[in-house]
Amino acid sequence: MAARTWLQESDALFAVGSSLTITNYGQRIPPGKFVIHNTISQEDINKDYPADIGLPGDAKETLKAMIEEVKAQVGAQGRKGKTTVPAEVAKLKAMWYEEWMPLLTDDSEPINPYRLIWDIDRNLDKEHSVVTHDAGAPRDQMVPFFTATVPHSFIGWGKSTHLGYGIPLMIGVKLAFPDRFCLNFMGDGAFGMSGLDIETSARVGVPITTVVLNNGVMATYPGGFPTAREKYGVSHMTGDYAKIAEGMGAVGIKVTKPSEIAPALKRAWRLNAEGKTVLLDVLTRQEDKRSVRV
């Protein structure tokens, strides 16, 4: 809601480090905007959206140059206290959270996936963690509600990779950041694609934590392939993923109540620090509501 409001109401758009590629997974830029486009790839400028000003180059260096130019024009303090924009942003955010808090703080069982995300967001030491989501429903549900606080603490890869990518991605991240807690958030459908890579993590001593939404359904495609759905139950699945993880040399932890989420995350952190790979098998319900792109 908030992002869409500003896209609609703004006069100018400054895109930094973005390809501005038109995709079903992202917002569209309304016509009539003055577009300033920074990207490292010059071929992206004027590719899908015409740019009034093209700024090819490194995002960090571009932002530094823009900040210095703003200071030169309006002073070192900028326009602090002279604009209502911060208050407007805060108001929109409060309205949005008011709508979503019943789901984020839901105590019912099976566990609401938004409650799971809420507890992940509140219980991790984010300065020493790296979190990613898998494709499908986990992506749509986590992206709006996980708060990244430092660089490289959240890998949100949107449309760019396939179902099941999260586990191998986190193994690579753990090799790059061995001192960080590395958590992958995925559905049971995605686990079916790459779940055996838990064995790789355990065997080579690259301990990560994987959170599996065990809801028994492929939630992202509720209306797809009706014949296969009716005849073969293709969208339904069952599994004791904690037991599977144990069989591959990892630690499997079952979570069935909202009150168990925070203790399980803290235990996973300790076990990873001891060199053990962890899988949290979280009994969740299907939740179709999304913070939609309209």
- Item | Top of 18, 201, 129 by mean-square fluctuation, Gaussian network on the chain, Cα under 10 Å | 18
- Message: Only sites in a loop by DSSP and with at most 12 other Cβ atoms within 10 Å count here; which GluC sites (Glu not before Pro) in the range 192-294 make the cut?
- Response: 274
- Can you give the net charge of the other residues whose Cβ lies under 14 Å from the Cβ of residue 85, counting K and R as +1 and D and E as -1? +2
- With the dipole of the range 2-83 worked out from charges on the C-beta (+1 for Lys and Arg, -1 for Asp and Glu) around the Cα centre, which of 73, 41, 51 lies farthest toward the positive end? 73
- Which of the trypsin sites (Lys or Arg not before Pro) across the range 39-142 are loop residues per DSSP, with 11 or fewer other Cβ within 10 Å? 79, 80, 82
- With the dipole of the chain worked out from charges on the C-beta (+1 for Lys and Arg, -1 for Asp and Glu) around the Cα centre, which of 83, 22, 273 lies farthest toward the positive end? 83
- Chain lengthening between residue 9 and residue 25 when straightened (0.36 nm per residue, less Cα-Cα): 3.7 nm
- Mind checking which of 217, 255, 237 is farthest towards the positive end of the chain's charge dipole, using Cβ charges of +1 (Lys, Arg) and -1 (Asp, Glu) about the Cα centre? 255
- Could you tell me whether the range 2-83 comes out rounded, prolate or oblate from its Cα gyration tensor? Rule is a ≥ b ≥ c as square roots of the eigenvalues, rounded for a/c under 1.5, then prolate if a/b exceeds b/c, otherwise oblate. oblate
- Note on the structure: If every Lys and Arg gets +1 and every Asp and Glu gets -1 at its Cβ, then about the Cα centre the range 99-283 yields a dipole, in debye to the nearest 20, of 280
- Message: Relative contact order of the range 2-83, please, whole-number percent, based on alpha carbon pairs below 8 angstrom and at least 6 residues apart.
- Response: 24
- Message: Rounded, prolate or oblate, given the Cα gyration tensor of the chain, with a/c below 1.5 counting as rounded?
- Response: prolate
- Message: Under 8 Å for C-alpha pairs, at least 6 residues apart: give me the relative contact order for the chain, rounded to a whole percent.
- Response: 17
- Excluding residue 180 itself, calculate the net charge of residues whose Cβ lies under 12 Å from the Cβ of residue 180, where each Lys or Arg counts +1 and each Asp or Glu counts -1. -1
- Item | Normalised contact order of the range 173-283, rounded percent, pairs of Cα under 8 Å and 6 or more residues apart | 34
- Item | Contour excess over end-to-end distance, with Cα ends at residue 109 and residue 58 and 0.36 nm allotted per residue | 13.6 nm
- Which peptide among 180-190, 28-38 comes first, and what is the full order, when sorted by highest mean count of other Cβ atoms within 10 Å? 180-190, 28-38
- Note on the structure: Within the under-14-Å Cβ sphere about residue 131, not counting residue 131, Lys/Arg +1 and Asp/Glu -1 give a net charge of 0
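Read-outs throughout are calculated quantities, based only on the coordinates presented, and are distinct from any laboratory measurement. Please read these numbers as outputs of a predicted model, since none were measured by experiment. Backbone-built Cβ (ideal geometry, glycine too); neighbour counts: all protein chains shown.
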